[in-house]
Amino acid sequence: MQKRLSRALSAVIQWFDADYAPNGAAAMRAEPDRVDWVRCIPFIILHLGCLGVLWTGASAFAVGTAIFLYFARMVAVTGIYHRYFSHKTYSTSRPMQFLLAVWGGTTVQRGPLWWAYHHRHHHQHSDDPEDAHSPHVHGFLWSHIGWITSRRNFPTDYTKVRDLDRYPELVFLNRFDAIVPAAFAVAIFALGSFLAAHAPGLHTNGWQLLVWGFFISTTALFHGTSCINSMAHLMGGRRYKTDDDSRNSFILAIITLGEGWHNNHHRYMSATRNGFFWWELDITYYALKTLSWTGLIWGLKEVPASVLAEGERADHEESIAAALKSQHVHPEYSSLKRIVPAAAAIAVATVNAAHPIHPRREAPSVVQTDARSHSQGPDSGSRA
């Protein structure tokens, strides 16, 4: 009982200090997978908060705010936590790096170093037993949401993010990762209260905007992001032959603003864009490209020409294989080349039999002359 109470107390402290580990972070990471329900209470509250809509109702402004904050913070997940902190696909200044980390903190997906550590670990062990959220190893539900509730996945392994832990401000945001989400929620509530008093025509208030702009929008954001962990290794096509089962999906690319081109990303993770080709919609890349025009970020990394050529060859080979497969599945299509000419010949023969053509009677000399002139047509003349 005492051990259980001690563990529950530690979990409560970790709500506010994510790096708190009385027995050491390495010991926590060595534990077997199991759900820490006390530690997950804030996560559960986030989902239950969506039910507040039953009391607050909805307004066009509140729903619009939820949608806007979903996409604005999805860019933070994909363009900041993923493409900057995890892979350093572009460069920025130290002050801007801090602001990007704060923006990422509003997503309520833990701190930037924790996010980067887990994603780098995923790439190192993708779809292997050590992959914390592989649907092939742990199943769909665990890869989607279960892994984030496990005690062993709570600590940040700072040895895997040495390029980031040298910045004390980033370590602070990572350790006390509840500060930014709490401040963000308070700001949304304050905005709703302000609008209720000064813009009553919008028909919103603090509680309504908190439910839609924070709880609903953030919950949708979490599950949209988690689709990459769970579904991007199960649905879609595979252009590149990687060591894992990563896949490309246009649907997931829409939901996550470009992260759905997951097989591309696993083939070459250092590029700023995941949609390697112009027809692969990657809104996050367009947003980062636009931001680079301001000079706040720079050095966006392109996809190497060799990787693009490899992808084009793979697409070409896939098209040929699909065409051959369709002929195999529908052999009647390939036999049309023999059926159509035969049917045409039969039809002509039938018409001729019904309406016989009688040759004109010509003098023998004329017939012979015509035959000789026929044999010496344009082709004969040209040979002479």
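The values are calculated or read from the model by the stated rules, or taken from the named source; none is laboratory data. Here the structure is a predicted model, which means the values were calculated and not measured. Ideal geometry is used to build each Cβ from the backbone, glycine not excepted, and the neighbour counts take in all protein chains shown.
Here's the yes/no breakdown for (1) without any contact (Cβ under 8 Å) to a residue 60 or more places away in the chain; (2) of a type in the set (A, V, I, L, M); (3) out of contact with any helix residue (DSSP H, G or I) (no Cβ under 7 Å at 6 or more places or on another chain):
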residue	(1), (2), (3)
LEU9	yes, yes, yes
PHE61	no, no, no
GLY64	yes, no, yes
LEU69	no, yes, no
THR106	no, no, no
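Identify the residue in the range 158-181 that is aromatic (Phe, Trp, Tyr) and either free of Cβ contacts under 8 Å to residues at least 60 places away in the same chain or touching a Pro at 6+ places or on another chain (Cβ under 9 Å) (or both) and, among all such residues, is farthest from THR92 (Cα to Cα). Give the derivation first.
Keep residues of the range 158-181 that are aromatic (Phe, Trp, Tyr), which gives 158, 167, 172, 176.
Adding the requirement that they be either free of Cβ contacts under 8 Å to residues at least 60 places away in the same chain or touching a Pro at 6+ places or on another chain (Cβ under 9 Å) (or both) leaves 158, 172.
Working: TYR158: 21, PHE172: 19 Å.
My answer is TYR158.
State the number of residues belonging to the range 292-306 that are outside any loop (DSSP other than H, G, I, E, B) and either under 19 Å from the mean Cα position of the chain (by Cα) or free of Cβ contacts under 8 Å to residues at least 12 places away in the same chain (or both). Lay out the reasoning, then the answer.
Initially, the range 292-306 is screened for residues outside any loop (DSSP other than H, G, I, E, B), giving 292, 297-298, 305-306.
Going one step further and asking which of them are either under 19 Å from the mean Cα position of the chain (by Cα) or free of Cβ contacts under 8 Å to residues at least 12 places away in the same chain (or both), we end up with 305-306.
Selection size over the range 292-306: 2.
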* **Meets criteria (buried (at least 19 other Cβ atoms within 10 Å of the Cβ), touching a residue at least 24 places away in the same chain (Cβ under 8 Å), of a type in the set (Ser, Thr, Tyr) and over 22 Å from LEU141 (Cα atoms)) for THR204** => yes
* Asked: Which residues, counting only those in the range 123-157, are within 30 Å of ARG94 (Cα to Cα), in contact with a helix residue (DSSP H, G or I) (Cβ under 7 Å, 6 or more places away or on another chain) and either hydroxyl-bearing (Ser, Thr, Tyr) or buried (at least 18 other Cβ atoms within 10 Å of the Cβ) (or both)?
  -> ASN153, PHE154, PRO155, THR156
* **Flag for THR107 being more than 25 Å from PHE16 (Cα to Cα), at pLDDT 95 or above and crowded, with 19+ Cβ neighbours inside 10 Å** => no
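Of all residues being assigned to a helix (DSSP H, G or I) and polar (S, T, N, Q) in the range 65-94, which is nearest to ILE255 (Cα to Cα)? Just the residue, please.
Here is the first cut: in the range 65-94, the residues assigned to a helix (DSSP H, G or I) are 65-86, 94.
Next cut, polar (S, T, N, Q) only: 65, 78, 86.
On the way: THR65: 17, THR78: 11, SER86: 20 Å.
The residue in question is THR78.
Table: residues versus (1) in contact with a helix residue (DSSP H, G or I) (Cβ under 8 Å, 6 or more places away or on another chain); (2) in a loop (DSSP other than H, G, I, E, B).
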residue	(1), (2)
ARG162	no, yes
ASP165	yes, yes
VAL180	yes, no
ALA190	yes, no
THR204	yes, yes
TRP212	yes, no
CYS227	yes, no
